[in-house]
Structures are given as C-alpha cells and as structure tokens.
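The values are calculated or read from the model by the stated rules, or taken from the named source; none is laboratory data. These numbers were taken from a predicted model, which means no experiment stands behind them. Cβ atoms come from the backbone with ideal geometry, glycine included; neighbour counts cover every protein chain shown. Just the protein is used for accessible areas: all its heavy atoms, side chains included, with ligands, DNA and RNA removed. Shrake-Rupley method; radii C 1.70, N 1.55, O 1.52, S 1.80 Å.
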Amino acid sequence: QVQLVESGGGLVQTGGSLQLSCAASGFPFRLYAMAWYRQAPGKQRELVANIGSGGTTYYTDSVKGRFTISRDNAKNTLYLPMNSLKPGDTAVYYCYRARGSSVLDYWGQGTQVTVSS
C-alpha cells in the first residue's frame with residue numbers, strides 16, 4: 001500500500017534551518033509528482049512546494065528563496081530543506097503524492113515545525 005512518512009520537523013529559532021524528508025513506498029515514486037503542504041492551527045492546509053516527475057518545481061511566494069523541494073528517485077525520498085525560517089512557517093508539514101489516475105489522495109501523517117521568535 002502507498003505510504004508516506006515524514007520526518008525532520010522540530011523546534012528552531014527564527015532564522016534557523018531544518019530539512020524535512022518524506023520516505024515513500026508502495027508505488028513507483030519516480031513516476032509521480034510530489035508536494036509539500038502545511039497546515040497551521042485553525043488555518044487551511046496550503047501548498048508549499050511541488051515537484052514534477054521530471055523535476056520541475058513550484059513554490060508558493062512566501063517560501064521562495066528559502067525552501068528547496070527536491071527528490072531522490074533512487075531512494076524514494078522527497079526532501080524540503082528550509083532556510084531562514086520565520087514564525088509564520090510554524091505548521092504541520094505534510095508530504096503528498098499526486099493522484100495520477102487514482103481517485104484517492106495520499107498523505108503522510110505530518111511532521112511538526114515550530115519556529116520561535
């Protein structure tokens with residue numbers, strides 16, 4: 001079955017860095033677009049970054065220049081190194097697999113990122 005397991009979250013001060021990882025299994029990882037979403041308490045889940053199967057990337061404006069989405073297809077792993085973190089980045093970060101032809105959405109359990117001021 002499809003599994004997405006995030007790791008790397010934690011508590012960091014403003015201006016600090018973290019790297020999130022998402023270990024994927026149960027599907028041909030290299031063929032699917034992947035994304036990072038985040039959700040702060042009481043707020044809508046929002047797209048942070050997306051990477052296509054061919055490596056094309058997209059970032060929401062608030063993280064451009066600070067976050068970098070990447071993938072290692074040999075390791076079936078998605079990454080999100082985050083630099084210059086701000087309190088507004090505080091959220092649970094989720095790994096997401098594109099639907100492709102599936103009717104289902106696949107999400108990881110999330111990893112908490114907390115940025116203190």
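So here's what we get for this one:
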| item | result |
| --- | --- |
| Flag for A33 being over 11 Å from the mean Cα position of the chain (by Cα), open to solvent by less than 20 Å² (accessible area, probe 1.4 Å) and in contact (Cβ under 8 Å) with a residue 60 or more places away in the chain | no |
| Yes/no for Q1 being in contact (Cβ under 8 Å) with a residue 24 or more places away in the chain and surrounded by fewer than 14 Cβ atoms within 10 Å (Cβ to Cβ) | yes |
| Residue count for region 107-117, restricted to those that are open to solvent by less than 60 Å² (accessible area, probe 1.4 Å), closer than 17 Å to G15 by Cα and not β-branched (V, I, T) | 1 |
| Subset of region 19-43 (residues that are part of a loop (DSSP other than H, G, I, E, B), more than 20 Å from Y58 (Cα to Cα) and of a type outside the set (A, V, I, L, M, F, W, C)) | G26, P28, P41, G42, K43 |
| Count of region 87-106 residues which are exposed (fewer than 15 other Cβ atoms within 10 Å of the Cβ) and either charged (D, E, K, R) or on the phi < 0 side of the Ramachandran plot (or both) | 8 |
| Residue match in region 38-55 (condition: under 20 Å from S84 (Cβ atoms) and of a type in the set (D, E)) | yes |
| Single condition S53 does not satisfy, out of (1) surrounded by fewer than 19 Cβ atoms within 10 Å (Cβ to Cβ); (2) over 21 Å from Q1 (Cα atoms) | (2) |
| Subset of region 44-67 [hydroxyl-bearing (S, T, Y) and not in a loop (DSSP other than H, G, I, E, B)] | T57, Y58, Y59, S62 |
| Complete set of residues in region 68-86 that are outside any loop (DSSP other than H, G, I, E, B) and surrounded by fewer than 16 Cβ atoms within 10 Å (Cβ to Cβ) | S70, D72, P81 |
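A quick yes/no check of all residues on (1) touching a strand residue (DSSP E or B) at 6+ places or on another chain (Cβ under 7 Å); (2) within 21 Å of S102 (Cβ to Cβ):
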| site | (1), (2) |
| --- | --- |
| T14 | yes, no |
| C22 | yes, yes |
| R30 | no, yes |
| N73 | no, yes |
| K86 | yes, no |
